[in-house]
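Here the structure is laid out as structure tokens; the discussion comes afterwards.
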Amino acid sequence: MFKRISALVLAGLTAMSMTACGSGGGGAGGGGDSITMGFSQVGAESGWRTANTKSVQDSAKTAGITLKFSDAQQKQENQIKALRSYIQQKVDVIAFSPVVESGWDTVLKEAKDAKIPVILTDRAVDSKDTSLYKTFLGSDFVEEGKKAGQWLVNEYKDNKDPVNIVELQGTTGSAPANDRKSGFQEVIGADPKFKIIASQTGDFTRAKGKEVMEAFLKSNPDIDVLYAHNDDMGLGAIEAIEGAGKVPGKDIKIITVDAVKDGMQALADGKINYIVECSPLLGPQLMDLAKKVVKGEQVPARVVTEETTFTQEQAKQVLSSRQY
Ligand code: GYE
């Protein structure tokens, strides 16, 4: 049962006067105890995102939560609009995966004033006021960057020559791009032989990953390693590398993050050398947290997803059972 009775009564009145969509907003109209969640997704930029969206939608169904879902096409302004519309509709809880880290304080304050709890899922915000959201569920991206760096340090431990690295960054200003870069840098920075000779965003997409890698290959004849912040950009880059007559995984070693099926296939095929896992299956935990915050229960301020890493051999073993 809800604790936010007064908010609900208000929600009910508003819903009756304002909307006819009958989606059970705020438990409105029916007076039942079903929860309505407004979820603003980043976009559909990668295999990871597709799996994440499916996980959220499936888990909402299983949990009996009514989901209002919107896709922001990687644009912050679209997400802010979606959040405002959820506030207006007086949903019970808002969950969103912020495309970039900065610039959320105003709209989060609006949600707080409307007494709608907010859950950050997948990506973080840099708001100083942590009372603007209830919890943040997602991976530790700095740790992922470190794992990528550690593999590289180990791979080149007997090598004295410079190692020329190119980096395909995720969406500029996003938490995973910022953190995967800094975690990686922290580990490889301890040895001056590792040199990042080019680093640019590929927006987490395959098409942009290919395009930027083509440019890298043209201006840098001597690339030893590609570090791509996700599988999709790595997969696009593989096409560029093959197009330039080089062998991915051999002439250029490739490290990526995510471990979606297509990435794992390329790893098993020897085209990628190492993948740091980032799980998109956040739906079940998100729904549990949503139920708790709507009831007014305490939840941990941070819930970190458990993840592993994969070598080529390990990819061959788990590929057939990979869910996404
Ligand atoms: O790694 C990438 C997606 O935020 C963790 O976003 C997510 C990242 C994921 O586009 O593939």
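Could you list which residues have their amide H under 5 Å from that of PHE194, counting only those 5 or more apart in sequence or on another chain, with H placed in the peptide plane?
VAL163
Between LYS195 and ASP105, what is the FRET efficiency for a Förster distance of 45 Å, r being their Cβ-Cβ separation, to the nearest 0.05? Please list the in-between numbers first.
Details: r = 38 Å, r/R0 = 0.84.
After rounding, the FRET efficiency stands at 0.75.
In vacuo Debye scattering of the chain, one point per C-alpha: log10 I(q)/I(0) at q = 0.07, 0.13, 0.15 Å⁻¹?
Reported log10 I(q)/I(0), two decimals: -0.31, -0.90, -1.10.
On average, how much accessible surface per residue is there in the chain, in Å², for a 1.4 Å probe, leaving out ligands, DNA and RNA?
44 Å²
Report the residue, chosen from THR130, THR256, THR305, that carries the largest GNM mean-square fluctuation when the chain is represented by alpha-carbon nodes joined by springs under 10 Å.
THR130
Would you tell me the accessible area of SER182, worked out with a 1.4 angstrom probe on the heavy atoms of the protein chains, in Å² to the nearest 10?
Accessible surface of SER182 is approximately 60 Å².
Return the long-range amide H neighbours of CYS278 (sequence gap of 5 or more, or a different chain), with a cut-off of under 5 Å between placed amide H atoms.
Distant-sequence amide H within range of CYS278: ASP258, ALA259.
Would you calculate, for the chain, the mean residue ellipticity at 222 nm contributed by helices, counting each DSSP H stretch of 4 or more residues as -39,500 (n - 2.57) and dividing by all residues, to the nearest 500?
-13500 deg cm²/dmol
How large is ³J(HN,Hα) for each residue in region 37-46, as worked out from phi by the Karplus curve 6.51 cos²θ - 1.76 cosθ + 1.60 (θ = phi - 60°), to whole Hz, x for Gly and Pro?
10, x, 10, 10, 8, 4, x, 9, 7, 8
Using amide H atoms built in the peptide plane, which far-off residues or other-chain residues are under 5 Å from ILE272 H to H?
Correct list: LEU267.
In nm, what is the difference between 0.36 nm times the number of residues separating GLU214 and VAL318 and their Cα-Cα distance? Numbers along the way, then the final one.
On the way: separation 104, 0.36 × 104 = 37.44 nm, distance 3.12 nm.
So the extension gain works out to 34.3 nm.
Under a point spin-label approximation (7 Å from Cα along Cα-to-Cβ), what is the THR311-LYS295 distance to one decimal in nm?
For THR311 paired with LYS295, the spin-label model returns 4.5 nm.
At a 1.4 Å probe, what is the % contribution of carbon and sulfur to the accessible area of the chain? If you can, show how the numbers build up before the last one.
Values: 7130 of 14100 Å².
The computed percentage sits at 51.
Over the heavy atoms of PHE194, what accessible area does a 1.4 Å probe trace out, to the nearest 10 Å²?
In the full protein context, PHE194 sits at about 20 Å².
Can you give the extra length, in nm with one decimal, that the chain gains between GLU242 and THR62 once fully stretched, where that is 0.36 nm per residue apart less the Cα-Cα distance?
Full extension from GLU242 to THR62 adds 60.5 nm.
Could you check what % of the DSSP bridge pairs in the chain are antiparallel, to the nearest 5?
Of those bridges, close to 5 percent are antiparallel.
If you place +1 on the Cβ of every Lys and Arg and -1 on the Cβ of every Asp and Glu, how big does the dipole about the Cα centre of region 80-233 come out, in debye to the nearest 20? Before the final figure, lay out the partial values.
On the way: 21 positive and 25 negative charges, 101 e Å.
That gives a dipole near 480 debye.
Based on the Cβ-Cβ distance from ASP71 to LYS115, what FRET efficiency comes out when R0 is 35 Å, to the nearest 0.05?
Here the calculated transfer efficiency is 0.85.
The values are calculated or read from the model by the stated rules, or taken from the named source; none is laboratory data. Given the structure is predicted, the values throughout are model-derived calculations rather than measurements. Using ideal geometry, Cβ is built from the backbone for each residue, glycine included, and neighbour counts are taken over all protein chains shown. Ligands, DNA and RNA are stripped out before the accessible areas are found, and what is left, the full protein with its side chains, is counted by its heavy atoms. Shrake-Rupley method; radii C 1.70, N 1.55, O 1.52, S 1.80 Å.
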